[in-house]
Amino acid sequence: MKSRGTHHVVEFINCKSDKLNSVKDLERMVFEGIKKSGLSHEKIITHKFNPVGVTLLAIISESHIAMHTYPEAGNVSLDVYTCSDAKKQEKFISLVKKYLKPESTRIAEVQRGSTIGLINKSWITSESTYDYEVKYYVDKTLYAKKSKYQLIEIVQNKTFGRMLFLDRDLQIAERDAHIYNKALVDILKEKAGNLKRVAILGGGDGGILHETLKYKPDSVTLIDIDKEVVEASKKYLNKICYKAFDNPRVKVVYKDVMKFLAKGPKFDAIISDLTMHPEAFTRLDRPTYLGKLFDRIKSKLRKGGILSMQCSSAFDNETYELVNKILTGRFTDVSYKSVYIPSFCEEWIFASAKN
């Protein structure tokens, strides 16, 4: 399941404020913090304990804020959860910190429905649905921005070079991008023969596009919903995309792939670099959404056209079985290969099929 909101758990240690036992002052602090941070106030509920301590619950349009004070120790526990821009709640936390004046602050971040990890700018913990997580050390953050659709981060790592993360999920790394991209593209040379028209679904970093252009198709259309991923990749991931986006044979379409595939031309090959976990952006259940998606992909492949796609981690048996059911019910010559991607720290499954 993809994240549906950000949850911060905060401990303020040895606060210098003398207001930790004042309901009135704490309510004012929280109300002003909500207003200044851009969150939306609905209601504040408080309870004062005897002899000391206050619990406060603020209901906001985005979800909630909860706080408990320990005046006897000078400590405050804060819990902030929103389903909107996490920068707003980070600003709220900063405002509360300024008011309470703690000697130290401890923060944990939870992407609800996904990973749990301490906030630390020196590393990124990549999402996993299995019994482990992968932590990548960050030498330098080159780009970090919340687009309309997702959190985009490009960081520098000593081992893997520049790395692209979307919502803290690793997409590609300089050192082994060629392994991932070739796993998707080489099958076209084997099965598709003469390529005239190719579509790439997703792949906003441009690596698959660069690899596809080596086979000299007449045209390549790349469809990605997030223009900011493409623009950031052009600037910071030039060793992955090179100058592929500048090629005159390339057309980039910023659109939801379902809408793009609803009409338009047919292709000799379609490469899908889309997530197989669409829960974060559709109300349909996963089998229904993916079934509709691959029905549309099939409709846009010429007879004998080739589909190449990334599937999942080799550990994700549920997704593999679902993809296999979808592909074998719609295509012929379905085949799979498992490729170890060093930066993913695991084997990844790729599939191909013929229309």
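Condition check ((1) in contact (Cβ under 8 Å) with a residue 12 or more places away in the chain; (2) more than 13 Å from the chain's Cα centre (by Cα); (3) not in a strand (DSSP E or B)) across all residues:
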| site | (1), (2), (3) |
| --- | --- |
| Lys135 | yes, yes, no |
| Val155 | yes, yes, no |
| Thr159 | yes, yes, yes |
| Arg162 | yes, yes, no |
| Ile172 | yes, no, no |
| Leu184 | yes, yes, yes |
Query raised in the report: Quick check: is even one residue across the range 332-346 touching a residue at least 12 places away in the same chain (Cβ under 8 Å), outside any strand (DSSP E or B) and in contact with a Cys (Cβ under 7 Å, 6 or more places away or on another chain)?
Result: no
Requested in this report: Please work out which one of (1) of a type outside the set (A, V, I, L, M); (2) closer than 18 Å to Ala199 by Cα; (3) surrounded by 19 or more Cβ atoms within 10 Å (Cβ to Cβ) is the condition Asp316 fails and give its number.
Outcome: (2)
Report task. Note down all Cβ pairs under 6 Å where the first residue falls in the range 19-38 and is within 23 Å of Phe49 (Cα to Cα), the second is among the basic types (Lys, Arg), and they're at least six residues apart or on different chains. Result -> Val23/Lys48; Asp25/Lys19
**Report entry** Those residues of the range 43-98 which are closer than 14 Å to Ser22 by Cβ and among the polar types (S, T, N, Q), in sequence order
**Finding:** Thr46, Thr55, Thr69
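Values in this text are rule-based calculations from the coordinates and carry no lab data. Fair warning: this is a prediction, and the values are worked out from it, not measured in the lab. Here Cβ is always computed from backbone atoms with ideal geometry, including for glycine, and neighbour counts include all displayed protein chains.
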